[in-house]
Amino acid sequence: MQRSPHSPLLSLPGAVPAEGRDEGVAAHYGELFREQRSLAAGNGFVDLSHRGVVTVSGDDRLSWLHLLLTQHVSELPAGQATEALILSANGHIEHALYLVDDGETVWAHVEPGTQGELIAYLESMKFFYRVEVADRTDDIALVHLPAGSIAEVPEGVVVRETPHGRDLFLPRADLESFAASHGPVAGVLAYEALRIEAHRPRVGFETDHRTIPHELGWIGSAVHLQKGCYRGQETVARVQNLGKPPRRLVFLHLDGSEVHLPGHGTPIRLAADGAEGRQLGFITTSGRHHELGPIALAMVKRNLPVDAELLAGETAAAQETIVEP
């Protein structure tokens with residue numbers, strides 16, 4: 001996995017560097033809940049400049065991507081945002097791409113450090129198609145304006161607009177001047193808490209080596225069931241038509257009296273069975289929300305009762321359904 005670029009905004013007052021997959025940007029700027037409340041109110045922005053940026057240009061870009069992605073993109077209108085997955089031959093999730101076409105080029109952002117692996121796969125599938133794939137991570141920085149923001153977008157910047165806000169593909173050289181005119185800046189912990197609240201999965205957090213799209217509720221939003229063949233489609237169709245996925249994503253309210261949040265991979269068990277009971281799932285992402293308190297996403301066995309009281313490690317947890325059993 002490639003190292004993510006380090007943001008110049010880490011030099012701003014109060015910046016605390018993020019760790020792990022989000023290394024390269026700030027976790028927060030000293031006031032986590034203030035940053036969350038600002039985003040929830042439609043103010044400020046999030047520095048996501050550590051994410052990978054990939055472009056696909058050329059006359060065949062949409063028809064070619066249509067053959068490779070889980071989403072129907074052959075007739076994607078310019079300016080319309082979508083998201084899509086790349087699956088393994090067995091239907092397991094490898095990449096999630098967050099896309100927009102500007103009329104000449106498809107712009108996508110992906111998980112930090114994964115753009116090299118993605119581009120290698122895309123290059124291997126070019127054949128005789130008129131397409132050019134490029135890694136733009138070094139010169140383009142992703143920033144996120146929250147839903148409700150009325151901030152002006154700099155001229156010439158490609159925008160990906162969704163119900164959750166606007167993703168801007170900003171020239172990396174303009175990042176500091178953008179921050180000066182579009183603040184306050186919020187860290188990724190605030191962004192992640194709102195992502196958890198919105199039940200939005202993330203590759204590498206809500207996924208492991210055997211995750212299929214049905215388990216995360218990505219059917220429809222990232223997987224189109226009426227499009228042509230793509231790698232892994234057989235698994236998608238089989239599960240959709242003949243069965244249920246083995247696991248499902250749930251939202252958890254965590255006991256607010258605990259000092260420490262259960263981290264990624266923390267076992268999920270029935271509260272009635274105690275901390276030595278059989279493992280029925282694991283925490284995928286946890287965070288502290290400015291209104292809801294400690295919250296998390298978790299992957300659990302499909303047949304776990306939806307009203308079961310749970311333990312995340314030693315922390316009591318109550319679940320809300322995201323993917324129906």
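Which residues, counting only those in the stretch 162-199, are buried (at least 18 other Cβ atoms within 10 Å of the Cβ) and either among the basic types (Lys, Arg) or assigned to a loop (DSSP other than H, G, I, E, B) (or both)?
Arg166, Arg172, Gly187, Arg195
Mind listing just one residue for me: the one in the stretch 94-105 that is out of contact with any Pro (no Cβ under 8 Å at 6 or more places or on another chain), in contact (Cβ under 8 Å) with a residue 40 or more places away in the chain and over 27 Å from His6 (Cβ atoms) and, of those, least open to solvent (accessible area, probe 1.4 Å)?
Among residues in the stretch 94-105 that are out of contact with any Pro (no Cβ under 8 Å at 6 or more places or on another chain), in contact (Cβ under 8 Å) with a residue 40 or more places away in the chain and over 27 Å from His6 (Cβ atoms), the one least open to solvent (accessible area, probe 1.4 Å) is Asp102.
I'd like the full set of residues that are more than 26 Å from Arg3 (Cα to Cα), open to solvent by 30 Å² or more (accessible area, probe 1.4 Å) and part of a strand (DSSP E or B), limited to the stretch 113-160.
Scanning the stretch 113-160 gives no hits.
When you check Arg248 against the structure, is it over 12 Å from Thr285 (Cα atoms), buried (at least 22 other Cβ atoms within 10 Å of the Cβ) and over 15 Å from the mean Cα position of the chain (by Cα), yes or no?
Here the answer is yes, as Arg248 does meet what is asked.
Of the residues that sit in the stretch 292-312 and are touching a residue at least 24 places away in the same chain (Cβ under 8 Å) and charged (D, E, K, R), which one is nearest to Arg34 (Cα to Cα)?
The selected residue is Glu309.
Based on this model, can you work out whether His209 counts as open to solvent by 10 Å² or more (accessible area, probe 1.4 Å), on the phi < 0 side of the Ramachandran plot and not in a loop (DSSP other than H, G, I, E, B)?
It is false that His209 is open to solvent by 10 Å² or more (accessible area, probe 1.4 Å), on the phi < 0 side of the Ramachandran plot and not in a loop (DSSP other than H, G, I, E, B).
Could you tell me how many of the residues in the stretch 270-291 are assigned to a loop (DSSP other than H, G, I, E, B) and crowded, with 19+ Cβ neighbours inside 10 Å?
Residues flagged as assigned to a loop (DSSP other than H, G, I, E, B) and crowded, with 19+ Cβ neighbours inside 10 Å within the stretch 270-291 amount to 1.
With (1) closer than 30 Å to Glu291 by Cα; (2) among the charged types (D, E, K, R); (3) more than 12 Å from the chain's Cα centre (by Cα) as the list, and Glu206 as the residue in question, which single condition is left unmet?
Glu206 satisfies all of (1) closer than 30 Å to Glu291 by Cα; (2) among the charged types (D, E, K, R); (3) more than 12 Å from the chain's Cα centre (by Cα) except (3).
So which of Leu304, Leu261, Leu249 is closer than 15 Å to Ala318 by Cα, at pLDDT 95 or above and assigned to a loop (DSSP other than H, G, I, E, B)?
Only one candidate passes the filter, namely Leu304.
Take Arg202 and decide whether it is touching a helix residue (DSSP H, G or I) at 6+ places or on another chain (Cβ under 9 Å), among the charged types (D, E, K, R) and either surrounded by fewer than 19 Cβ atoms within 10 Å (Cβ to Cβ) or not in a loop (DSSP other than H, G, I, E, B) (or both).
Yes, satisfied.
What residue, among those in the stretch 212-232 that are part of a loop (DSSP other than H, G, I, E, B) and of a type in the set (A, V, I, L, M), is modelled with the lowest pLDDT?
Looking at the filtered set, the residue picked out is Leu225.
Among the residues of the stretch 307-325, how many are in contact with a Phe, Trp or Tyr (Cβ under 8 Å, 6 or more places away or on another chain), crowded, with 19+ Cβ neighbours inside 10 Å and part of a loop (DSSP other than H, G, I, E, B)?
Matching residues across the stretch 307-325 total 0.
Quick check on Gly217: is it of a type outside the set (Ser, Thr, Tyr), out of contact with any strand residue (DSSP E or B) (no Cβ under 9 Å at 6 or more places or on another chain), under 29 Å from Glu75 (Cα atoms) and touching a residue at least 24 places away in the same chain (Cβ under 8 Å)?
So Gly217 does not fit the description; no.
Out of (1) open to solvent by less than 50 Å² (accessible area, probe 1.4 Å); (2) touching a strand residue (DSSP E or B) at 6+ places or on another chain (Cβ under 8 Å), what's the single condition that is false for Gly30?
With respect to (1) open to solvent by less than 50 Å² (accessible area, probe 1.4 Å); (2) touching a strand residue (DSSP E or B) at 6+ places or on another chain (Cβ under 8 Å), Gly30 is out only on (1).
Which number in (1) at negative phi; (2) surrounded by 15 or more Cβ atoms within 10 Å (Cβ to Cβ) marks the one condition that Gly91 misses?
Here Gly91 clears every test but (1).
Determine the pairs where a residue that is under 13 Å from Ile93 (Cβ atoms) and open to solvent by 80 Å² or more (accessible area, probe 1.4 Å), located within the stretch 222-242, has a partner that is assigned to a loop (DSSP other than H, G, I, E, B) and of a type in the set (S, T, N, Q) with Cβ atoms under 9 Å apart, the partner being 6 or more residues away or on another chain.
Listed by first residue and then by second, the contacts come to Arg231/Ser88.
Quick check on the stretch 74-82. Is at least one of its residues modelled with pLDDT of 95 or more, open to solvent by less than 10 Å² (accessible area, probe 1.4 Å) and either over 17 Å from Arg195 (Cβ atoms) or not hydrophobic (A, V, I, L, M, F, W, C) (or both)?
For the stretch 74-82, residues modelled with pLDDT of 95 or more, open to solvent by less than 10 Å² (accessible area, probe 1.4 Å) and either over 17 Å from Arg195 (Cβ atoms) or not hydrophobic (A, V, I, L, M, F, W, C) (or both): absent.
The values are calculated or read from the model by the stated rules, or taken from the named source; none is laboratory data. Bear in mind that the values here come from a model prediction, so they are computed numbers and not experimental data. Positions of Cβ are backbone-derived with ideal geometry, glycine not excepted, and every protein chain shown enters the neighbour counts. These accessible areas exclude ligands, DNA and RNA; they are computed on the full protein's heavy atoms, side chains included. Shrake-Rupley method; radii C 1.70, N 1.55, O 1.52, S 1.80 Å.
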